[in-house]
Amino acid sequence: MDSGEFRRLGHRLVEWVADYRDRLESMPVMSAVRPGEIKARFDSAPPEEGGRMEEALAALDRDVMPGITHWNHPAFFAYFPSNTSYASILGDLVASGLGVQGMSWETSPAATEVEEVAIDWLRQIVGLSPAWSGVVHDTASTASLCALLCARERASEFGQRGKGLQSGAAPLVVYASDQAHSSIEKATLLAGFGKAHLRLIESDERHAMKADQLERAIKQDLAAGLRPCAVVASVGTTGTTAVDPVAALAALAETHGLWLHVDAALAGTAMALPECRWLWEGIERADSVVFNPHKWMGIGFDFSAYYVRDPTHLIRVMSTNPSYLLTPHDAEVKNFRDWHLQLGRRFRALKLYFFLMDVGVEGLRTRLRRDLANAQWLAAQVDLAAEWERTAPVPFQTVCVRHVPADWPTFGRDESALAKHNLRIARAVNESGEAYVTPLALKGRQMIRVSIGAEGTKRRHVERVWALLQKAAQDEAVARRP
């Protein structure tokens, strides 16, 4: 392919993406293909001869699109919002076109310095003080692993430089809520703490970690001769967007010398709104925080923002400096390869820069407030509706509900029967193609999550998913009649 062919096909693909976005609302939200169906559409062997790009483009509509679940659909209410704005797409296009490998400042100074600017803009937007330094990671999962590695090395006085966790010292312990994301357990395992040394602390009726239970667990571990190391606070849990008491956990972390990492993967974006910042009061006492602009904000996947208060410690834990990576400027600049696990890095900061230049802070805030208002509207409808329960508070944009039929006592108050009932409701909504929701099992109860926040989601889309849920419940009632 030469530059002329690239121009021709590139223009066609930009038109294709724009057309796709224009017709997005008319498509079924969730793909209905069966396992293996998409793979079967493609040749099992690679092409021997090239020059077949026309076939590749034709395959997009014919073979790829049937297997796409449309995460940017205005009726996508599953998992979490995953907005990829037009501006972010353009930033990704430029980053791919430049083909930058930004492992060091010298390998492309702009990749480092634009990231410094954009990540600091983001710090200001969410109200973090200048005491924080940030870097772009791929996902919150790797950022949380990075945080626990930093916690491990502080507690072990850089044991990685010697025998590591094989030194024979007392085991280190990590604490998190029983509602923490599964990536925290994975990070604990990968960082070498061992599952036996992860304490999942009981959450309260609002599904937030109980600070008194954390304190009790720390004291029990100290009495057993173990070494408390780190606590992970969730601000916006995956299940219900519950908020752990950051200030109370920070006080305990300070008292016992624990690293405090805050996982605000989805909810960190809400801190662009000054009226939401009370929800992470105490954040300035944490050691690290991560959130995902590739979720609710609008930066296309993948893009996580990881902030630390002590970048020197982070660099000491993460850096290796073989001779082939050394440059004359290393003492003057940031080499972001030393701020995370991977060596190679894309020019992701362009996505954030383009996005902010396009929408501005106030444009972002307007959309977030719309989503919060839509969530409160839905919560109010659920609270007023007979046979429906709201199963968690709504601090952000996710509403958790379940249907409890008036004749539930005839089920023998069997939670398993009620769970199957709600799973059928969710499946009916999803199979309709009109909306996509996800089920959640929480503390022995089955519920349905409605996660609001796609860029194109308006009140009418929220009204429609509520109508679909009610209709599915009614159809279930009819089906149960003898």
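The values are calculated or read from the model by the stated rules, or taken from the named source; none is laboratory data. All values reported here derive from a predicted model rather than from experimental measurement. As a convention, Cβ positions derive from the backbone with ideal geometry for all residues, glycine included, and neighbour counts pool all protein chains shown. Heads up: the accessible areas ignore ligands, DNA and RNA and are worked out on the full protein's heavy atoms, side chains in. Shrake-Rupley method; radii C 1.70, N 1.55, O 1.52, S 1.80 Å.
Scanning the range 305-333 for residues that are β-branched (Val, Ile, Thr) and part of a loop (DSSP other than H, G, I, E, B) yields Thr320, Thr327, Val333.
Selection of the range 443-465 for residues being under 16 Å from Trp388 (Cβ atoms) and open to solvent by less than 20 Å² (accessible area, probe 1.4 Å) yields Met447, Ile448, Arg449, Val450, Val462, Val465. In the condition set (1) under 15 Å from the mean Cα position of the chain (by Cα); (2) crowded, with 23+ Cβ neighbours inside 10 Å; (3) of a type in the set (D, E, K, R), Asp302 is compliant with all but (2). In the range 18-56, what residues are in contact with a helix residue (DSSP H, G or I) (Cβ under 7 Å, 6 or more places away or on another chain) and either under 27 Å from Leu90 (Cβ atoms) or of a type in the set (Gly, Ala, Ser) (or both)? If the condition is that a residue be in contact with a helix residue (DSSP H, G or I) (Cβ under 7 Å, 6 or more places away or on another chain) and either under 27 Å from Leu90 (Cβ atoms) or of a type in the set (Gly, Ala, Ser) (or both), then Ser31, Met53 are the ones that fit. Examine the range 340-356 for a residue that is open to solvent by 30 Å² or more (accessible area, probe 1.4 Å) and part of a helix (DSSP H, G or I), and state whether such a residue exists. Within the range 340-356, one or more residues are open to solvent by 30 Å² or more (accessible area, probe 1.4 Å) and part of a helix (DSSP H, G or I). If the condition is being within 22 Å of Ala170 (Cα to Cα) and in a helix (DSSP H, G or I), then the range 236-261 contributes Leu252, Ala253, Glu254, Thr255, His256.
Looking only at the range 157-180, which residues are small (Gly, Ala, Ser) and open to solvent by 30 Å² or more (accessible area, probe 1.4 Å)?
Selection gives Gly162, Ser167, Gly168, Ala169, Ala170.
If you go through the range 419-442 and keep only what is β-branched (Val, Ile, Thr) and surrounded by fewer than 23 Cβ atoms within 10 Å (Cβ to Cβ), you end up with just Thr438.
Scanning the range 44-60 turns up at least one residue that is within 25 Å of Tyr436 (Cβ to Cβ) and open to solvent by 30 Å² or more (accessible area, probe 1.4 Å). His461 falls short on exactly one of the conditions (1) over 22 Å from the mean Cα position of the chain (by Cα); (2) in a loop (DSSP other than H, G, I, E, B), and that condition is (2). In the range 428-443, the residues that are in contact (Cβ under 8 Å) with a residue 40 or more places away in the chain and at positive phi reach residues that are of a type in the set (A, V, I, L, M, F, W, C) and open to solvent by 50 Å² or more (accessible area, probe 1.4 Å) with C-beta atoms within less than 8 angstrom, at least six apart or across chains, in these pairs: Gly433/Met30; Gly433/Ala32. The single condition among (1) closer than 17 Å to Gly236 by Cα; (2) assigned to a helix (DSSP H, G or I); (3) open to solvent by 10 Å² or more (accessible area, probe 1.4 Å) that Glu476 does not satisfy is (1).
Just so you know, in the range 406-418 the residues that are of a type in the set (Gly, Ala, Ser) and not in a loop (DSSP other than H, G, I, E, B) include one that is surrounded by the most Cβ atoms within 10 Å (Cβ to Cβ), and it is Ala417.
Taking (1) out of contact with any strand residue (DSSP E or B) (no Cβ under 6 Å at 6 or more places or on another chain); (2) open to solvent by 60 Å² or more (accessible area, probe 1.4 Å); (3) farther than 20 Å from Gly257 by Cβ in turn, Val126 satisfies each apart from (2). Residues in the range 245-266 that are within 28 Å of Pro81 (Cβ to Cβ) and buried (at least 24 other Cβ atoms within 10 Å of the Cβ): Val246, Leu249, Leu260, His261, Val262, Asp263, Ala264, Ala265, Leu266.
Looking only at the range 61-103, residues that are open to solvent by 50 Å² or more (accessible area, probe 1.4 Å) and of a type in the set (Ser, Thr, Tyr) come to 3 in all. Cβ contacts < 7 Å: first residue farther than 12 Å from Val450 by Cβ, restricted to the range 460-472; second residue surrounded by 21 or more Cβ atoms within 10 Å (Cβ to Cβ), any location; separation 6+ or different chain. Result? Every condition considered, the pairs that remain are Ala472/Ile425; Ala472/Val429.
Within the range 193-227, the set of residues being open to solvent by 40 Å² or more (accessible area, probe 1.4 Å) and either within 19 Å of the chain's Cα centre (by Cα) or at positive phi (or both) comprises Gly225 only.
For beta carbons closer than 6 Å, sequence separation of 6+ or different chains, a first residue in the range 151-180 that is farther than 17 Å from Ala233 by Cβ and of a type outside the set (Phe, Trp, Tyr) and a second that is open to solvent by 30 Å² or more (accessible area, probe 1.4 Å) and part of a helix (DSSP H, G or I), the qualifying pairs are Glu153/Gln160; Pro171/His197; Leu172/Ala155. Among the residues of the range 229-244, which ones are in contact with a strand residue (DSSP E or B) (Cβ under 7 Å, 6 or more places away or on another chain) and open to solvent by 20 Å² or more (accessible area, probe 1.4 Å)? Listed by number, the list holds a single entry, Val243.
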